[in-house]
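Input: a single structure, listed below in structure tokens.
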Amino acid sequence: MYGVLVTLHSVTRWFVIIAAVYALYVAFSGWFGRRAYGTAARRAGAIFGGITGIQFILGLLVYFWPTGLVMGVLGNAGMAGAMRNPDLRFYVVEHIVAMVVAVSLVHIGSAVAKRRPTDTGRFRAAAVFWSIGTLLILASIPWSRALPMVS
């Protein structure tokens, strides 16, 4: 079951990236095109927030799965051992912290955008928060890191 969760979490990253590209396109084109903040912008935020939320839940399941990497690391090597190994440190600390911040920024961006008094302000807030969140997501995806095995 753990392998299925890891695979699902890995595949879902592409949906997050596609949603981010769509949301950023809507936000920046609305901001610089001086468009009205309407259904398309709210939908882009909802899709981006929804998919990142699903991905976050999958990540938490992978993180806290009893036979998974993190529980194995903390049970065997402990946190001190994980901090000495760059790959383990990435998965145990860096990845999850960056993703918590990124998902929070995506959701905060949607909330802040709704409360701005002007359409330009709404699009600008969404573009800024979603851009920072997307950059954090892209920087924290383990593009070439293999999931280390803990015995």
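A short reminder: the numbers here are calculations on the coordinates, not readings from a lab. Computed from a predicted structure; not experimentally measured. Heads up, the Cβs are rebuilt from the backbone with ideal geometry, glycines too, and the neighbour counts pull from every protein chain shown.
Observations, loosely collected:
- Looking at region 1-109, the trypsin sites (Lys or Arg not before Pro) that sit in a DSSP loop and have at most 10 other Cβ atoms within 10 Å of their own Cβ are R34.
- Residues L5 and F32, FRET efficiency given R0 of 35 Å [Cβ-Cβ distance, rounded to 0.05]: 0.30
- Think of each Lys and Arg Cβ as +1 and each Asp and Glu Cβ as -1; about the Cα centre, that makes the dipole of the chain roughly 660 debye.
- Full extension of the chain between T39 and V101 gives 19.7 nm of extra length, using 0.36 nm per residue less the Cα-Cα distance.
- Just checking the listed ones, V101, V16, V26: in the Gaussian network model of the chain with Cα springs under 10 Å, the one fluctuating most is V101.
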